[in-house]
Amino acid sequence: MLALSAEGRLPKVDYAIFADTGWEPKSVYAHLDRLEREIAKPAGIPVLRVTAGNIRADALDPQHRFASMPLHILNQDGKPGMTRRQCTGEYKIKPIKQKVRELLGYPYPSRIPKGVFIEQWVGISTDEFHRAKDSGVRYMRNRHPLIDMDWSRADCTRYLTRIGMADTPKSNCLGCPFHGNAQWRHIRDTSPAEWEDVVAFDTAIRHGNARANAAGHHLLGEAFLHRSRVPLDQAPIDHVTAAERAALASDEADELDELENGVADGCSPWACRGDADHSPDDFGLTA
Ligand code: SF4
């Protein structure tokens, strides 16, 4: 959307905002720099990088209140579970809202007058139109220009290829538990230092987040990054196991795709799944 706007195929945006969890792959930061240098700057569009901290460091810091990642849990009775996802709201949505309020001239907790709002574009294509949502606050109105243009994911890929951005990487945390096998293999096979980093993190969160442990709230079970609930460096990331296949429900093709390519509704602000939802009032405002 930034490129389409810079090219004049969409109206010119005032800003582009990137919510940085502090733990994106190197390739994402390199791509963002390139986008900024080659597309945004020449078009006069500022790229604003906002952050609520470093999600990896926060998870391991006993002093820090940690907004939980969706970790795969193996309970003491052997049953699988997951921790509730709060990180999308905390590390992506919250800092974006904070910046928008600042741009509007009404930083939290000042009250934003009725009728004052920005238009926010969310990059959802036609094949995922069910993810299109309202912002939940009256000072941000969501629009979905790719859907308005009737662009599918394939249209986006074709366009990116035409403008020399075919290698656009997927933005999400390096150690996001929503990764499928393909993402884990990609890290392992292309970036040994990043693989070491995620394996070390996986080991470090085995007994839950540091703050909860320091406060005596020990996890009754073990936490893992890989859905198999096996330590990442031993997890079956090269193939779907017989047990995983046996556990699949009726819509097998979709589920198989998720095991390989990760959770499709991953972690896009304003386009994520139910329990990643944020309170519409988390900045003291309701529509
Ligand atoms: S990419 Fe994953 S770990 Fe990172 S904020 Fe999103 S859901 Fe949380």
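The share of alpha-carbon pairs in region 1-68 lying farther apart than 19 Å comes to 44%.
Can you give me the Kirkwood hydrodynamic radius for the chain, using every pair of distinct Cα atoms, in Å to one decimal? Kindly include the intermediate steps, with their values, before the conclusion.
Details: mean 1/r = 0.0488 Å⁻¹.
Kirkwood radius, the chain: 20.5 Å.
Over region 52-206, what is the relative contact order in percent, taking alpha-carbon pairs closer than 8 angstrom and at least six residues apart?
Details: 137 pairs, mean separation 25.1, N = 155.
Dividing the mean separation by the residue count of region 52-206 yields 16 percent.
Here region 1-156 has an Rg and Dmax of 18.1, 58 Å, counting Cα atoms alone. Only helices enter the 222 nm calculation for the chain: every DSSP H run of n ≥ 4 contributes -39,500 (n - 2.57), and dividing by all residues gives -8500 deg cm²/dmol, rounded to 500.
If the viscosity is 1.567 mPa s and the temperature 4 °C, what Stokes-Einstein diffusion coefficient in µm²/s follows for region 138-197 when Rh is the Kirkwood radius over Cα pairs? Mind dumping the intermediate values first?
Numbers: Rh = 14.4 Å.
Approximately 90 µm²/s, per Stokes-Einstein.
Applying D = kT/(6 pi eta Rh) to region 162-263, where Rh is the Kirkwood radius over alpha-carbon pairs, T corresponds to 20 °C and eta to 1.002 mPa s, the Stokes-Einstein value obtained is 141 µm²/s.
Using DSSP to define loop residues, name the trypsin sites (Lys or Arg not before Pro) in region 1-81 whose beta-carbon has at most 11 other beta-carbon atoms within 10 Å. Intermediate values should be presented prior to the final figure.
Working: sites: 9, 12, 26, 34, 37, 49, 56, 65; in loops: 9, 12, 65.
Counting only loop positions with at most 11 other Cβ atoms within 10 Å, the trypsin sites (Lys or Arg not before Pro) in region 1-81 are 12, 65.
Dividing the convex hull volume of the alpha-carbon atoms in region 70-199 by its residue count gives 192 Å³ per residue.
Computed from the coordinates by the stated procedures, all read-outs in this text should not be read as laboratory data. Here the structure is a predicted model, which means the values were calculated and not measured. Because the Cβ atoms are built from the backbone with ideal geometry, glycine has one as well, and the counts that use them run over all protein chains shown.
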